[in-house]
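Down below is the structure, laid out as structure tokens.
Readers should treat all values here as calculations from the given coordinates under stated rules, not as data from a laboratory. A quick note: this is a predicted structure, and the numbers were derived from the prediction, not measured. So basically every Cβ, Gly included, is an ideal-geometry build from the backbone, and we count neighbours across all protein chains shown.
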């Protein structure tokens with residue numbers, strides 16, 4: 001009989017632990033299971049520059065990101081004043097949230113299987129978006145691709161940056177991990 005924690009484990013997390021991890025160890029030719037790439041966290045950032053003119057609009061962004069991730073986001077504040085943008089130091093101008101554990105894997109599952117296929121004219125994401133350490137970043141232009149967002153309730157269309165923080169030996173190893181998750185990386189450069 002399955003324990004309560006096994007029942008609540010995210011689908012991709014279970015797949016990673018039972019199948020993908022051992023497959024990657026063989027494919028990459030690493031000597032230890034600890035050298036296999038692993039997803040550490042997912043960070044979502046929303047820059048809401050429109051909140052300078054209407055500070056109440058940031059509350060709707062917070063509610064939307066909370067609905068998408070299932071976790072309360074944190075408002076980010078301006079570090080310095082910029083008069084050309086009518087920006088004052090300490091003014092809330094964005095939202096960020098860091099996902100770990102089951103919430104991270106559940107978000108990744110929804111991103112891969114539900115949200116990204118809903119993007120208009122979608123043919124995969126760029127394979128060039130890895131940094132030197134193997135982390136992957138992508139920009140989402142509209143929050144309405146997520147099924148948790150009701151289009152009629154949206155006050156303003158905004159995008160977000162999604163960063164997958166992957167502990168690996170480099171971009172090639174990270175790409176192999178994402179391919180195992182069926183992440184839609186475009187073929188060819």
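Taking a spot 7 Å from the Cα of residue 179 along the direction of its beta carbon, which residues of the stretch 129-172 have an amide N less than 14 Å from it?
Within reach of a label on residue 179: 171-172.
Sorted by average packing, counted as other Cβ atoms within 10 angstrom per residue and highest first, what order do 130-140, 61-71 take?
Descending mean neighbour count gives 61-71, 130-140.
Indicate the gyration tensor shape class of the stretch 148-189 (rounded, prolate or oblate), computed on the Cα atoms with a ≥ b ≥ c the square roots of the eigenvalues: a/c under 1.5 is rounded; otherwise a/b larger than b/c is prolate and the rest oblate.
Here the stretch 148-189 falls in the prolate category.
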